[in-house]
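Structure record follows, encoded as structure tokens.
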């Protein structure tokens, strides 16, 4: 799995989590259905069947916000998986050509700035901040690089708060639905004369717990995906920082002074020869 690109690994991970969640949810429903069929078979009644819409409806109104959270999670998972691709954040052809031309000294500040603006990737934005301080001291160029890196970091972390919010809110919605269902069940005992009828109480509690199950099935993948994407952003930032340091060494005033010294030494050696 580590041979796959990072966004593909994210999609595979999300799909695997979805399958595991579906299987777990199906197991719970199967156990519940088996328990329900025993009294029905004893009474000679038909076996009850439930589809997804009936399950959602039986869970009560908190199931609908949980479904909305699952949809939001799905949308932003695909959005982050696409936007955090390495080829999108750090395009290799641009970086290789840019650094090579800086090393060769064939790139002017105006041309370098134009190429960074045309590329528009995250690493190009960081390079652009450094290029705007071309010829200044290494401290100034590095500070400009840091400032641009902070802006890029905020951009890369965009929408991760949404995924984290889904991981936080979903189990709370599930708990709220369970509490509401329990209150309704005990109200049935108090006002509908259900005292001593355990099957009514058990059915009400089982329906109330559906929202907790649904909330956890959304929150657990959301938390895992948030951690995965946060780690992906950290790796991208570390790589951009390393490339930025190379640019600082090539365009700062100290680098220019070193090039001039080398040129003078070459001239002196040529004259002596």
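Read-outs: derived from the displayed coordinates by stated rules, not from any lab. Note that the coordinates shown come from a computational prediction; the quantities given were computed from them, not determined experimentally.
Side notes on the structure shown:
- Estimated at 0.36 nm per residue, the fully extended path between residue 179 and residue 96 surpasses their Cα-Cα distance by 24.0 nm.
- Shape category assigned to the stretch 68-111 from the gyration tensor of Cα positions, a/c cut at 1.5: prolate
- Alpha-carbon centroid distance for the pair the stretch 98-147 / the stretch 204-243, whole angstrom: 36 Å
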